[in-house]
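Here is the structure we will look at, set down as structure tokens.
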Amino acid sequence: METRVVQTVDLVKDLLGFSFDSILGVGAEAILLKGYMHGREVVVKYRLKKKYRNEELDQILRCERTVLEARLLSKAALINVNVPNIVFVYPEEGILVTTFIGGERLKEYMTGAEITILQGIFQKIGQEIGILHEASIIHGDLTTSNIIPVS
């Protein structure tokens, strides 16, 4: 495993009692880990420190972005948009823990899916995005990799 992933796993194990299962993704901004906290299947999002940024500014940005994401997820849940539930937020470390939503990403699901089923899925996505926009929430990274179709 890559060094920064191992360091992240160790950090959340120590801080949260997190039991690591798998890596869901490693991006430029964050690492997503799947695992368990107190018997609950969760996703830990850890916003990576940026060594090229001023350390104080980096701390502020990671903290503010973590808090904002938690607020937006909570607001979306309150208006009945299907999003993961917040389990834990540790903004000072750039950590956001949510419930795990099982299933295949829309990106993979689309391969071989019937057109009529996809039409229904995309119609539902459009409705949910409309609800978000009415509440002044903009997704910011709406891709087929960030959607898990649920029945």
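The values are calculated or read from the model by the stated rules, or taken from the named source; none is laboratory data. In this text the structure is predicted, and so the values were computed from the model without any measurement. Positions of Cβ are generated from backbone atoms using ideal geometry, with glycine treated the same way; all protein chains shown enter the neighbour counts. Only protein heavy atoms, including side chains, enter the accessible area calculation; ligands, DNA and RNA are left aside. Shrake-Rupley method; radii C 1.70, N 1.55, O 1.52, S 1.80 Å.
Some points to look at:
- Amide H partners (placed H, <5 Å) of Phe18, local residues excluded: Lys13
- Leu48 long-range amide H proximity, modeled H, under 5 Å: Ala30, Ile31
- Rolling a 1.4 angstrom probe over the protein heavy atoms with all chains in place gives the stretch 1-91 an accessible area of 61 Å² per residue.
- Over 28 Å apart at the Cα level, from the set Lys75/Lys124; Lys45/Lys107; Lys13/Lys107; Lys45/Lys75, are Lys13/Lys107.
- Within the accessible area of the chain (1.4 Å probe), percent carbon and sulfur: 53
- The phi torsions of the stretch 130-139, fed into the Karplus equation with coefficients 6.51, -1.76 and 1.60 and a -60° offset, translate into couplings of x, 5, 4, 5, 4, 8, 6, 10, 10, 4 Hz, rounded to whole numbers, with Gly and Pro shown as x.
- At most 11 other Cβ within 10 Å, DSSP loop - chymotrypsin sites (Phe, Trp or Tyr not before Pro), the stretch 1-98: Tyr52
- In order along the stretch 26-36, the Karplus-derived 3J(HN,Hα) couplings, from 6.51 cos²θ - 1.76 cosθ + 1.60 at θ = phi - 60°, round to 10, x, 5, 9, 7, 10, 10, 10, 9, x, 9 Hz, and Gly and Pro are given as x.
- Per-residue ³J(HN,Hα) for the stretch 98-114, Karplus 6.51 cos²θ - 1.76 cosθ + 1.60, θ = phi - 60°, Hz, x for Gly and Pro: 10, 5, 8, 10, x, x, 8, 5, 4, 3, 7, 4, 4, 5, x, 6, 5
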